[in-house]
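Novice: Structure provided below as structure tokens; questions to follow.
The values are calculated or read from the model by the stated rules, or taken from the named source; none is laboratory data. Everything quoted here is computed from the prediction, not taken from an experiment. Every residue, glycine as well, gets a Cβ built from its backbone with ideal geometry; the counts of neighbours run over all protein chains shown. Note: areas computed on protein heavy atoms with side chains; ligands, DNA, RNA excluded. Shrake-Rupley method; radii C 1.70, N 1.55, O 1.52, S 1.80 Å.
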Amino acid sequence: MNDFLPAHERFHFCPQCGKQGGITTERTFSCESCGFSLHFNATVSASALVVRSDGKMLFIRRARQPAQGMLAVPGGFVDPWERAEVALVRELQEEVGLSVDQVTFFCSSPNGYHYKGLIYPVCDLFFMGCPSQEALILAKDEASEALWLDPKDVELDEIAFPSMRVALTIYREGLS
């Protein structure tokens, strides 16, 4: 058995009435007994491609699972009813103590986030920004280190998530 399953493959009982069964698709669970529907919509994350004037980009080394020890750009999940730009600012402060200027939307990419036996569908939003200061304050439970690297030199297989590989590839294509 696969350790990680899509959420729709884990729902066998209705969360409202508790009865077994129902109609489950990749997008919804519908209870035949009480009519309850649960939609398996993508959650949203906001991440930053923070680039200094010398062209180096900020990467963190992930301090926890999933993808512990791999490189990532700072970011995280958007809270319910929160704007993605606000989540981005919050996540940068939480992870690396960084403020950014000139934040602009860059691209999006779908992703599957493996967590506690489920694969959560995620729509990752990537933004560009310039650091407003050089000093970083790492949240050690989030990032074991921060690195300013030339994005052209980073190996894609060192990047934690497929969506981040997509964003980095699009960024590098724009450098040519």
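Novice: Let me have the 222 nm mean residue ellipticity of the chain computed from DSSP H runs of 4+ only, each contributing -39500 (n - 2.57), with the sum over all residues rounded to the nearest 500.
Specialist: Roughly -5000 deg cm²/dmol at 222 nm, from the helical runs in the chain.
Novice: Moving on to the next point. Taking one equal scatterer on every alpha-carbon of region 5-50, how large is log10 of I(q)/I(0) by Debye at q = 0.23 1/Å?
Specialist: For region 5-50 at q = 0.23 Å⁻¹, log10 I(q)/I(0) is -0.75.
Novice: Taking all protein chains in place and a 1.4 Å probe, what share, in percent, of the accessible surface of region 1-99 do carbon and sulfur account for?
Specialist: 50
Novice: Something else about it: Which stretch or stretches of region 28-51 have amide N atoms under 14 Å from the point lying 7 Å from F11's Cα along the Cα→Cβ direction?
Specialist: 28-43
Novice: What net charge do the residues around A143 carry, taking every other residue with its C-beta under 13 Å from that of A143, with Lys and Arg at +1 and Asp and Glu at -1?
Specialist: -2
Novice: If you place +1 on the Cβ of every Lys and Arg and -1 on the Cβ of every Asp and Glu, how big does the dipole about the Cα centre of region 50-105 come out, in debye to the nearest 20?
Specialist: In debye, rounded to 20, region 50-105 gives about 280.
Novice: If I take all pairs of Cα atoms in region 1-97, what percentage of them are more than 17 Å from each other?
Specialist: Value for region 1-97: 66 percent of Cα pairs lie more than 17 Å apart.
Novice: At 7 Å along the Cα-to-beta-carbon direction for both K116 and Q93, put a label point, then send me their distance in nm to one decimal.
Specialist: Rounded to a tenth, the inter-label distance reads 2.6 nm.
Novice: Let me ask something else. Projecting each Cα onto the charge dipole of the chain (Lys/Arg +1, Asp/Glu -1 at the beta carbon, about the Cα centre), which of V50, Q102, S163 comes out farthest on the positive side?
Specialist: Towards the positive end, the residue furthest out is S163.
Novice: I'd like the projected area of region 106-176, averaged over all directions, using the convex hull of its alpha carbons. Report it in nm² with one decimal.
Specialist: Here the figure is 6.1 nm², rounded to one decimal.
Novice: If amide hydrogens are placed 1.01 Å from N in the peptide plane, which non-local residues have theirs closer than 5 Å to the one on L118?
Specialist: L5
Novice: Which percentage, to the nearest 5, of the DSSP beta bridges contained in the chain is antiparallel?
Specialist: Percent antiparallel among DSSP bridges in the chain is about 75.
Novice: Here is a follow-up. Among the Cys residues of the chain, which have no other cysteine Cβ under 4.7 angstrom away?
Specialist: C107, C123, C130
Novice: Continuing with the same structure: For region 20-99 and region 132-171, compute the distance between their C-alpha centroids and round to whole Å.
Specialist: With region 20-99 and region 132-171 each reduced to a Cα centre, they are spaced 15 Å.
Novice: With a cap of 11 neighbouring Cβ atoms within 10 Å, and only residues DSSP puts in a loop, list the GluC sites (Glu not before Pro) found in region 1-52.
Specialist: E26, E32
Novice: While we're looking at this one, here's another question. Expressed in whole Å with the largest first, what are the equivalent ellipsoid semi-axes of region 76-141 derived from the C-alpha gyration tensor as the square root of 5 times each eigenvalue?
Specialist: Result for region 76-141: semi-axes of 23, 16, 10 Å.
Novice: Can I ask one more? Need the full-extension length gain, L175 to C34, defined as separation in residues times 0.36 nm minus the C-alpha distance. One decimal, nm.
Specialist: Gain on stretching L175 to C34: 45.3 nm.
Novice: Let me ask something additional. Going out from 0 in 5 Å bins, what whole percent of all Cα-Cα distances in the chain drops into each bin?
Specialist: 1, 8, 15, 18, 18, 12, 8, 7, 5, 3, 2, 0, 0
Novice: Still on this structure: What range in the chain is the longest one free of trypsin sites (Lys or Arg not before Pro) that are in a loop by DSSP and have at most 16 other Cβ atoms within 10 angstrom?
Specialist: That would be 84-115.
Novice: Here is a follow-up. For labels at V86 and T104 in the simple 7 Å Cα→Cβ model, what's the distance in nm?
Specialist: If labels sit at V86 and T104, their model points lie 2.5 nm apart.
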